[in-house]
Amino acid sequence: RVLVEATEMIGVFDSGYGGLTIFRELIKQFPEHSFVYLGDNARAPYGNKTPEEITEYTKQGVDALLKKGCTLVILGCNTASAVALRELQQKWLPITWADRKLLGIVVPTIEQITETTSPISVGILGTMRTIESHAYKHEIQKRNPNIFVYEYACIILAGIIETLGSKNTEVVHEAQKSVQALLDVAGSGGGTLDAVLLACTHYELIADSIAAVLPNATKLYHQPSIVAKSLADYLQRHTEIDSQIDKTGKRIYLTTGNPEEVSQKSTDFIGETIAFELLQIPTTLVSP
Ligand code: DGL
């Protein structure tokens, strides 16, 4: 009997740095599983791009990860999950990569929010396209119509986190202004906020600055732990996928941007040395 060697990896994709907040938690929770990260820093941010561009870029990024040997790719990006995931899952993956899996981070987050009895009001901070899709508002209210959902689009926040970093005073100021705007939206609707969700993985890089201006009673949801738990459930339910994944704990970091600059900034964000390699994404898709 020939034993099939488990050589595949789990891929995590984001427009840039934000998905590292998800990646960091995943590699902590799954020390043996091999992971590869891809940030499309050359084209970040995605949040203000058209849905067509977001879908095309996400497809190219996922395609590149699948070609690198991923059996499963997670979109560590709310914008891509809210805007592109469904189309890629329904129209592209089954034709191009029928045996591979693509997961997003919006659904597990919604499950977490709606499974608990509290909150009754939740504020969502996200990019323009995430908020415009109303994926969170619609899905939360579909599952639990008693939850009030308030939304606020932070038009420039992810972009300035990419360019200026998380410690920059302009970034902190913009983040805190966005929180205040969200609180105002809730207040003008007659409500307060029991909880806030940072529905953009970039914002997790400045979660402390955001928490500092939230009322004490307002809970902050952290997506990385939600996504890690959901992956654990998924791999438990899909042992045929788990068994394909290499368990030698490889970590590979790829970027479409400048590897030196991305490595430096990532190290600043995450607090440990991360070395990125350049990955050029072909802009036309070639079937495997
Ligand atoms: N980090 C991404 C998200 O979760 C995208 C931010 C951006 O590229 O605009 O939405």
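The values are calculated or read from the model by the stated rules, or taken from the named source; none is laboratory data. Just so you know, these numbers come straight off a predicted model, no measurement behind them. Positions of Cβ are backbone-derived with ideal geometry, glycine not excepted, and every protein chain shown enters the neighbour counts. The area values use the complete protein model at the heavy-atom level, side chains included, leaving out ligands, DNA and RNA. Shrake-Rupley method; radii C 1.70, N 1.55, O 1.52, S 1.80 Å.
Summary of computed values
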| quantity | calculated |
| --- | --- |
| Selection status of T273, polar (S, T, N, Q) and open to solvent by less than 40 Å² (accessible area, probe 1.4 Å) | no |
| Leading residue by the ranking (least open to solvent (accessible area, probe 1.4 Å)) among those in the stretch 26-57 that are closer than 23 Å to E240 by Cα and assigned to a helix (DSSP H, G or I) | L26 |
| Filtered residues of the stretch 55-72 (kept if in contact (Cβ under 8 Å) with a residue 24 or more places away in the chain and within 15 Å of the ligand (Cβ to nearest atom)) | T55, Y57, T58, Q60, G61, V62 |
| Cβ-Cβ under 8 Å pairs, at least 6 apart or on other chains, the stretch 12-38 side within 24 Å of E53 (Cα to Cα), far side more than 12 Å from the ligand (Cβ to nearest atom) and of a type in the set (D, E, K, R) | Y17/K265; V36/K68; V36/K250; V36/R251; Y37/R251 |
| Output for the stretch 192-227, where each listed residue is small (G, A, S), more than 16 Å from the ligand (Cβ to nearest atom) and part of a helix (DSSP H, G or I) | S209, A211 |
| Selection status of L183, away from the ligand (no atom under 15 Å from the Cβ), open to solvent by less than 50 Å² (accessible area, probe 1.4 Å) and either within 16 Å of L214 (Cβ to Cβ) or not polar (S, T, N, Q) (or both) | yes |
| Subset of the stretch 149-180 [exposed (fewer than 15 other Cβ atoms within 10 Å of the Cβ) and in contact with a strand residue (DSSP E or B) (Cβ under 9 Å, 6 or more places away or on another chain)] | none |
